[in-house]
Amino acid sequence: MAGNLETFQQAMNQGHSAAWDQDWEKAAAYYRMALEEFPDNFLALSSLGLALFELQDYSSALQIYKSAASQAPNDPIPAEKMGRIYERQGNLKEAVQSFLLAADLNLKARNVEKAVESWQRVVSLDPENMIAHSRLAGVFERLARKTEAVAEYLAAAAILQDKGDIARALQVVEYALKLAPDSRDAAMALNMIRSNKPLPKPVRSRRGSGPLRMAEVRQLEKSKENGLESLDPIAEARQKALTQLASLLFDQSEEQSPIAAARRGLISLARGEKDSNEPGDNPRVTLYLGQAIEAQTHEDVAKAAEDLEKAVDAGLRHSSAYYDLGLLLVEKKPDKALKYLGEVVKDPDYALAAHLLSGSILLKKEKISEALRSFLLAFSIADSETVPVDLADDVRQLYEPVIESQKVNVDIAGQKKLCEELYRQLYRPDWRRYLLLARQQLPSHGLLPQPLINLFFDSSGPQVVEYLGHIRDLVNRGLYRTAMEEAYHALSYAATYLPLHIQIAEILVQQGKVTEAVEKFKVIAALYDIRGEALQSTRIMKRALELAPSDINLRTKLIDILESQGKYEDALQQYLELGDFYYLMADLSSARATYLGALSAAQSTRSDRASWQAKLLNKVADIDLQRLNLRSALKIFEQVRTIQPENQAARREIIELNYRLEQVGAAQAELDSYLVYLEGAGKRHQAIQFVVDLLNDEPDRLELYESLAGLYARARQLEKAVEVLDGAADAYMQKGDVTSAIRVLQEIIRLNPPNVNDYRNALAKIRPG
């Protein structure tokens, strides 16, 4: 049964809008809604496939593209996309077959350049693919690209020679020389093959580096036990790091587009330079990273460490690189390993493994207290995975008094034994299942689950938690003074238990001592940061900023921490609040710099990217307008229009600014562009209203009347079109612009209204001669 076409189109439009904003989760949801109406629609399938691809849900994207291919077997796009997915999965054989199919389909569609691109991808993955080299040679020959044709013929000859087919190899070389008699390469190849010397076989290009390394990583996965659940935390993090590192090698230029280029321009606007942390921007990083992955998949630890360190020195900045390098250096250079592992203890993907590795290094160095702290932090993270997500932070907090109590523990032998036990509990392939079983052995303890560490020794944790619950009950009853007394009494049991200090700060807030509370929150946040517990630190800083929104230093530090954690949307909100604070204080220069500085964070966010960029740019443009820097404001609004072509406010500002700058032609061009956009989107009524609103503010811009009349005419509202043009002709005559009046009258006559003769007579009267 056919679906609802209107519902389908609405969902598709919403999906496209979300895709423009690069909010791929929302886009995927809308495209799925569209497919509920028409499950076999090729455009909806292709759009959903793209959204899933961008979400890196490659398995689901592959299935969608397979469905799209079945609906349009002659369309090359699904085959191309499937090839790229297979590349990222490290399935090179399947990728080659997909690109060969895409090339054939493109050739049938007479899209030769796209076919060439697909064959070139094949030889980048499989340098000795005879089919691709032969097809490329033939196409280049027909395109009169002789140098490239000869290169492909010689590659084919080398492959044939290597397989022992000398006669055919000789024929191919002779043909290449006949095609290009002046080719030194062909002449040299002919001499070599006649002298029974091997021709140089084609080699893999840099473009093939990413897929090849990913294939090696996937092969390494298969050589281990099945699935991540069968890996210990260190090996699990290693596998994750290698996969992320291999994904960095994919050619960045493949994903570039005019939209992406415009958005990259926003970074330049904010920073005044190009961000060059991606491997695709740095050939040395790409080279060393590829070599490091290859060496590691072949278990050459020394070579892998050497090359990966060179990649980091050359500019690679990524948690996966730091973790992997720390792991590689554990045995030979433990001090360096500790440095690199320290870079990733705040990254949730690697924190558990990094603490576990750091603890093992410190234990070998007989730094028992430091080692125990690392093992306890690792155990707290692992333990938090055994409880519901909403309780994870609470469980980690329960480890704080335990960790602090060990600082004054003089039983070094006992500490060492505990280190060894914690390491044994975590360094095992079934660690998740084991900890879940262990949790079942614990008795329930009020509203909060007990920490698993209680199984190893008695701690003050439960006692402190009981005190904290009692204090909170007193606060809820409004007994703040009593609650404070109880809190200070509890500190005698756990002086460094930070949740208790947080409760004291909250009591200070209730007592109206906001300044004291803010200072205490700042100290607590700093302590969490020193401990490497970034999540807790940011939570406390946000609480402090709720009470003291004008604390610029605190907000700036919070922004830095949020960006380092990759929490760009939270960072953007803080940027916005900081910029707004400067704005309210009439410090427009600082406000403008803050909004521009936020653009790099907006570029990194995956959700509502375009909306954030537009919001920030609009604020910058508003400041420029207040300073009467009209040309700068115009450029900013043009940036907004580039990333949000549907943004009516930006379009209006561009038109009006061009009028103010006496750039009438540019204003009209912008108007025409927007009207074409609206009409193409089926929004002619909105286009008409837009011009009407413009005319209300710019009644002397007679060219607007002509634009409005054109819209009415295309909407088959002939009477309104003639009425508008009639008024325009009168206005032109009053200004003495007879030429324009004649043009308008001719347009009315072309529309052929019922009283067309009246306009013919009017034209005859004013026409010269």
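The values are calculated or read from the model by the stated rules, or taken from the named source; none is laboratory data. All values reported here derive from a predicted model rather than from experimental measurement. Positions of Cβ are backbone-derived with ideal geometry, glycine not excepted, and every protein chain shown enters the neighbour counts. For the accessible areas, the whole protein counts, side chains as well, though only heavy atoms, and no ligand, DNA or RNA atoms are used. Shrake-Rupley method; radii C 1.70, N 1.55, O 1.52, S 1.80 Å.
The table that follows gives values for the structure above.
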quantity: Helices (runs of 4 or more DSSP H) (entirely within the stretch 1-57) containing at least 3 residues that are of a type outside the set (Ser, Thr, Tyr), within 22 Å of ALA79 (Cα to Cα) and in contact with a Leu (Cβ under 8 Å, 6 or more places away or on another chain); calculated: 24-37, 42-54
quantity: Residue check, LEU154 open to solvent by 20 Å² or more (accessible area, probe 1.4 Å) and part of a helix (DSSP H, G or I); calculated: yes
quantity: Residue satisfying all of: in the stretch 190-202; open to solvent by less than 100 Å² (accessible area, probe 1.4 Å) and over 47 Å from the mean Cα position of the chain (by Cα); farthest from GLY138 (Cα to Cα) among these; calculated: SER195
quantity: Residue within the stretch 37-53 that is within 22 Å of SER611 (Cβ to Cβ), open to solvent by 20 Å² or more (accessible area, probe 1.4 Å) and more than 17 Å from the chain's Cα centre (by Cα) present; calculated: no
quantity: Matching option when the condition is surrounded by 22 or more Cβ atoms within 10 Å (Cβ to Cβ), in a helix (DSSP H, G or I) and of a type in the set (Lys, Arg), among ARG168, ARG121; calculated: ARG121
quantity: Of the criteria (1) within 30 Å of GLY15 (Cβ to Cβ); (2) without any contact (Cβ under 8 Å) to a residue 60 or more places away in the chain, which one SER600 fails; calculated: (2)
quantity: Qualifying position, being modelled with pLDDT under 85, surrounded by 15 or more Cβ atoms within 10 Å (Cβ to Cβ) and out of contact with any Leu (no Cβ under 6 Å at 6 or more places or on another chain), among ARG701, ARG714; calculated: ARG701
quantity: Test: residue in the stretch 341-357 that is part of a helix (DSSP H, G or I), in contact with a Pro (Cβ under 9 Å, 6 or more places away or on another chain) and without any contact (Cβ under 8 Å) to a residue 40 or more places away in the chain; calculated: no
quantity: Residue in the stretch 762-769 that is outside any loop (DSSP other than H, G, I, E, B) and at pLDDT 85 or above present; calculated: no
quantity: Candidates GLN503, GLN510, GLN573, filtered to the one that is open to solvent by 70 Å² or more (accessible area, probe 1.4 Å) and closer than 25 Å to GLU400 by Cβ; calculated: GLN510
quantity: All positions within the stretch 34-74 that are out of contact with any helix residue (DSSP H, G or I) (no Cβ under 7 Å at 6 or more places or on another chain), within 19 Å of SER98 (Cβ to Cβ) and of a type in the set (Asp, Glu); calculated: ASP57
quantity: Exclusive hit being in a helix (DSSP H, G or I), in contact with a Leu (Cβ under 8 Å, 6 or more places away or on another chain) and exposed (fewer than 14 other Cβ atoms within 10 Å of the Cβ), set VAL744, VAL692; calculated: VAL692
quantity: Set THR515, THR538: member being polar (S, T, N, Q) and open to solvent by less than 40 Å² (accessible area, probe 1.4 Å); calculated: THR538
quantity: Residue count for the stretch 81-103, restricted to those that are of a type outside the set (A, V, I, L, M, F, W, C), open to solvent by less than 30 Å² (accessible area, probe 1.4 Å) and in a helix (DSSP H, G or I); calculated: 5
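Conditions (1) part of a loop (DSSP other than H, G, I, E, B); (2) at pLDDT 85 or above; (3) under 43 Å from the mean Cα position of the chain (by Cα), marked per residue:
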site	(1), (2), (3)
VAL464	no, no, yes
TYR467	no, no, no
ARG481	no, yes, no
VAL509	no, yes, yes
GLU516	no, yes, yes
LYS520	no, yes, yes
VAL523	no, yes, yes
